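Beneath this line is the structure, given in structure tokens, with notes to follow.
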Amino acid sequence: MKILQLDVNNITYELIKPEASIYEDSDEKRASIDDTLALLVSVEKKDTEGTAELAVKEAIDTMQKLKRERIVVYPFAHLSNDLAEPKEAMHIIDYMFNELKKHFDTKKAPFGWNKALSLSIKGHPLAEQSKSYGAEGAEAKHYAKAKPTSVNTAIVRKSDMSGLPEADHRTIGEKLDLFSFQEVSPGMVYWHKNGSTIFRQLVGLMRELLDYYDYSEISTPVLANIALWHVSGHIDHYKSNMFIFDSEGENMGMKPMNCPSTILVYKSRKWSYKELPFRTAIFDHLYRNEISGALTGLFRVREMTQDDGHIFAREDQIEKEVTLLLELVNKVYTTFGMKYKAKLSTMPEDHMGDEKLWEKASEALKKALDANKMEYEVKEKEGAFYGPKIDFDVFDSMGRTWQCATIQLDYQLPLRFGLTYTGEDGKEHAPVIIHRAILGSLERFIGVMIEHFQGKFPTWLAPVQARVITISEHENGYAGSVYKALRENGIRAVLDDSDRTLEYKIREAQMLKVPYMLVIGKKEADSNSITVRRRSGKQEHGVSLGAFIENVKSEIKERRLEQ
């Protein structure tokens, strides 16, 4: 059984005409359902009620975690080439429908019809999760019990990315050899050399800016006794998204956020009002137990790295600190050629702490936005459980928006953790905490950026910045010296001195979206020059290697968008 599980704002379908030898009669020719989980189901040969039962159990679990009330079972034959006979498929789908309606408001689209289908998916428009049930699924459930010496190539394998759109970051990522997903680590990224290079460049950009803004980079353990998460309130408000386990009788949690452990760094010493603000930055791994149905490539993962930061400040410093953060957001997104808009999110229903402090915090953020003449939209009841926030929706090259940067003002956690500083009056006062992330999850931002640039990264970001290409083996010696000079000057270069044709070598470099191709033939070798071919196809002959190196180094240093 193959299932495409979609968390949707709306699913609408209209019956066109019967297309199977057996189909269900229906007086309802059109249906539109809001805020529901849609299960697009292909029933395969050898599927049984037992197979359907596995799918139903997981759907129930997903519904409970998403807190959904409605679910739609939608027969969808396009997920498999090994379909069951119509009569058997209809029986299995009816079984799923009858089981699910015991728990939820359940609707089933009529079986055997050609239907016009429209979907509005929550989050990213390509967000989806496919499921397989049956013998293969049963084998996967028992994999953890297999002996270390056993061979299980059916399970130790890369996740299948076939069938995705060409513009999807997962398709581009596979073609450029940036990353992979392995079935043994669901929702976790295996970074390959090229993807790891991009990751390091992003971290390098942020570290450079954080040094300028006087941040102290720290790192904290990934594990902590759940007592820490009780104090922070995560057990009350975030437990279902945490990985919690027993270790020798001690309940431990993997950190889903950096704030509680960062607070312990602050608490490790006494502070004076003169030492604030204390700005911290952290790039540690975080772990969130996202439901499997929400996992979507780099956009939603279980292991992530945030360019996270926390500012411990006095109340009178809030406006200045938020102003500096607005400046930082602008610097970062201008670097990528991305525009953005701001949203002010207020106290949610599920919150902690005194509502008067919430009002105070919301007003402080509003004042900072107004002082900086920044336009913003108010999003009622969408703040974090500990404080209001400013979120930024970033526009990519295709006009789509992504929520990336965030600035959150927190009066609650300083009180829960008993944070203090000695004021000018000699008395103890509680600081505020400004939580902020600029790129947000680096995994998610890289996914956004891949689709924004469609893999044609600016030179400073490109995994390979220049590819040296020989026309014949007679130029290999000179080409080798060109390659060495590029590497010695910090340019990420590759030498292609294979015996393949020049056309093949250029086509391969273009497919890998390398910014610069340096073509070396007899003429170039004799004149100690190079022919420079840009990714766009523009070509320049007789270029001095020294001049090229200096121009590219300048382009990289300035992080230019245009070649």
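The table that follows gives values for the structure above.
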{"read-out": "Sorted by Cβ density within 10 Å, fewest first, the residues MET517, MET242", "value": "MET242, MET517"}
{"read-out": "Least to most buried among ASP425, ASP396, ASP61 (fewest other Cβ within 10 Å first)", "value": "ASP425, ASP61, ASP396"}
{"read-out": "Between region 493-528 and region 343-359, the alpha-carbon center distance in angstrom", "value": "59"}
{"read-out": "Where trypsin sites (Lys or Arg not before Pro) fall in DSSP loop in region 239-338, at most 15 other Cβ within 10 Å", "value": "ARG269, LYS270"}
{"read-out": "For region 277-335 versus region 28-100, the gap between their alpha-carbon centres in whole angstrom", "value": "38"}
{"read-out": "Semi-axis lengths, Å, the chain, gyration tensor of Cα atoms, sqrt of 5 times eigenvalues", "value": "42, 39, 22"}
{"read-out": "Region 431-563 - Rg and Dmax from Cα coordinates, angstrom", "value": "17.5, 69"}
{"read-out": "When region 194-319 is reduced to its Cα atoms, the Kirkwood hydrodynamic radius in Å", "value": "16.5"}
{"read-out": "Cα-centred dipole magnitude for region 190-453, charges only on beta-carbon of K, R (+1) and D, E (-1), debye, nearest 20", "value": "420"}
{"read-out": "Hydrodynamic radius (Kirkwood) for region 473-532, which is based on Cα pairs only, to one decimal in Å", "value": "12.0"}
{"read-out": "Two-decimal ratio, region 190-453, of alpha-carbon radius of gyration to 2.2 N^0.38 Å", "value": "0.99"}
{"read-out": "Residue order, fewest to most surrounding Cβ atoms within 10 angstrom, among ASP316, ASP7", "value": "ASP316, ASP7"}
{"read-out": "Antiparallel bridges, percent of DSSP beta bridges restricted to region 1-112 (to nearest 5)", "value": "60"}
{"read-out": "Electrostatic dipole magnitude of the chain [Cβ: Lys, Arg +1; Asp, Glu -1; Cα centre; debye, to 20]", "value": "1040"}
{"read-out": "Convex hull volume of region 332-458 per residue (C-alpha atoms, cubic angstrom)", "value": "141"}
{"read-out": "Label-point gap, in nm, between ASP526 and ASP370 - each point 7 angstrom along Cα→Cβ", "value": "7.5"}
{"read-out": "For the chain, share of DSSP beta bridges that run antiparallel, in % to the nearest 5", "value": "75"}
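Each reported figure results from applying straightforward, stated rules to the coordinates on display, with no laboratory input. It should be emphasised that the depicted structure is a prediction, and the values quoted were computed from it without experimental measurement. Positions of Cβ are generated from backbone atoms using ideal geometry, with glycine treated the same way; all protein chains shown enter the neighbour counts.
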